[in-house]
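*Asks:* My questions all concern the structure below.
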Amino acid sequence: MAILEIKNLTKTYGSGHTKVKAVDNVSLEVNEGEIVLIMGPSGSGKTTLITMAGALLKPTSGDIFLKGQDISKLSEKQLPKVRLQELGFVFQSFNLLASLTAQENVAIPLIAAGHKKSKALLKAKEALEKLSLGDRLNNLPRNLSGGEKQRVSVARALVNDPGIILADEPTANLDSKTGHEVMELLCSVGCQEKKAVVIVSHDGRLKDIANRVIWFEDGRITKIEDGKHNQMCNHIVHG
Ligand SMILES: Nc1ncnc2c1ncn2[C@@H]1O[C@H](COP(=O)(O)OP(=O)(O)OP(=O)(O)O)[C@@H](O)[C@H]1O
Ligand SMILES: [Mg+2]
């Protein structure tokens, strides 16, 4: 089933002679358990596309169906609920709150969705334990390694059990080893948690976890290739 369906999506910034068509009539479907990697040169519109898919930026035209609901037509008032329940975000720079512990950071989306603080903290603990971070619950972000910070942010993205995880350059601030750990984690989010995952990246290694690699240039899809997801998935599930 298509969790995310993008239809004829266009985003234009500015007006007059400063007008930029960052995303130009793009259509794309992502199914449950599928990992799609979007690659392309700097300025080709990748972040613009994923930010619209995440309901953080309004398209100029076109539709974005999330589990069949057209989120591009929702009002600003209706959007936070969709973001909290249906979407998980992973950012290049982690975006963790510096004054909160790992556990508190992961609890935030639950508290925002109306859960009691005690229950939210318990669920956050479980989410972190699942990602082998059970011994880092009380660490502030500054006392975590880069890879651990990104794993905490993956836990935060997963904690509300959304249908789709969106990640913009999730390995860009990591060294090669921790980048690989985060990559395996995102792969298991697809093959074990059965989430749809969309990743934007310059990191070619991510092709190993993708079902499909979509090449982007000047706001358009120029090429689609198969990734090696199934191979990597077998390796993760069967060791
Ligand atoms: N808020 C904005 N206002 C005006 N123009 C913008 C804005 N954000 C992006 N752009 C322009 O839109 C185009 C696409 O930008 P975008 O950030 O989506 O590219 P990208 O593929 O993510 O690049 P990178 O790989 O460097 O992250 C670029 O020409 C950029 O300058
Ligand atoms: Mg970008």
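The values are calculated or read from the model by the stated rules, or taken from the named source; none is laboratory data. Please read all numbers here as calculations on a predicted model, not as lab measurements. For neighbour counting, all protein chains shown are included, and Cβ atoms are generated from backbone atoms with ideal geometry for every residue, glycine included. Surface areas here come from the heavy atoms of the whole protein model, side chains and all, with no ligands, DNA or RNA. Shrake-Rupley method; radii C 1.70, N 1.55, O 1.52, S 1.80 Å.
*Asks:* Sort by residue number and name the cysteines in the chain that have no neighbouring cysteine Cβ under 4.7 Å.
*Replies:* Cys187
*Asks:* Give me the percent of DSSP beta bridges within the chain that run antiparallel, rounded to the nearest 5.
*Replies:* Details: 21 of 39 bridges.
Beta bridges within the chain, antiparallel portion: roughly 55 percent.
*Asks:* Let me ask something else about it. Could you give the nm distance between label points at Asp135 and Leu97, where each point is 7 Å from its Cα heading toward the beta carbon?
*Replies:* Placing both labels 7 Å beyond Cα along the Cβ direction yields 2.8 nm.
*Asks:* A follow-up question, please. Given a 1.4 angstrom probe, what's the average accessible area per residue across the stretch 110-196, in square angstrom? Don't skip to the end; give the middle numbers.
*Replies:* Working: 3860 Å² over 87 residues.
It amounts to 44 Å² per residue over the stretch 110-196.
*Asks:* Next question, about the same structure. Once phi is turned into ³J(HN,Hα) by the Karplus curve 6.51 cos²θ - 1.76 cosθ + 1.60 with θ = phi - 60°, what whole-Hz value does each residue of the stretch 180-186 show in order, with x for glycine and proline?
*Replies:* 5, 4, 5, 4, 5, 4, 5
*Asks:* Using only the alpha-carbon atoms, what does the chain span along each of its principal axes? Please give whole angstrom values in decreasing order.
*Replies:* Rounded to whole Å, the extents work out to 52, 41, 34 Å.
*Asks:* Tell me, rounded to the nearest percent, the portion of alpha carbon pairs in the stretch 1-113 spaced more than 22 Å apart. Before the final figure, lay out the partial values.
*Replies:* Values: 2607 of 6328 pairs.
Tail of P(r) above 22 Å: 41 percent of Cα pairs.
*Asks:* Okay, next question. Compute the distance in nm between two label points, each set 7 Å from the Cα along the Cα-to-Cβ direction, one at Arg142 and one at Asn31.
*Replies:* Inter-label distance under the simple model: 4.8 nm.
*Asks:* Also, I was wondering about something else. Put a dot 7 Å past each Cα toward the Cβ at Ala112 and Lys81; how far apart are the dots in nm?
*Replies:* 1.6 nm
*Asks:* Still on this structure, I have one more. Nearest 500 deg cm²/dmol is fine: what mean residue ellipticity at 222 nm does the chain get from its DSSP H runs of n ≥ 4 alone, each adding -39,500 (n - 2.57), divided by its residue count?
*Replies:* Working: 7 runs with 80 residues, N = 239.
Calculated at 222 nm, the ellipticity per residue is -10000 deg cm²/dmol.
*Asks:* Tell me the carbon and sulfur percent of the accessible area for the chain, rounded to whole percent, probe radius 1.4 Å. It would help to have the intermediate numbers written out before the result.
*Replies:* Values: 5510 of 11290 Å².
C and S fraction of accessible area: 49 percent.
*Asks:* In addition: Could you give me D for the stretch 110-189, from Stokes-Einstein at 10 °C and 1.306 mPa s, where the hydrodynamic radius is the Kirkwood radius over C-alpha pairs? Units µm² s⁻¹, please. Kindly include the intermediate steps, with their values, before the conclusion.
*Replies:* Working: Rh = 13.2 Å.
Answer, rounded: 120 µm²/s.
*Asks:* Run the paramagnetic zone check for Lys58: 7 angstrom along Cα to Cβ, then residues of the stretch 9-49 with backbone nitrogen under 15 Å.
*Replies:* So the set is 10-14.
*Asks:* Using the reciprocal of the averaged 1/r over all distinct C-alpha pairs, how large is the Kirkwood radius of the stretch 146-211 in Å?
*Replies:* Across the stretch 146-211, the inverse of the average 1/r is 11.8 Å.
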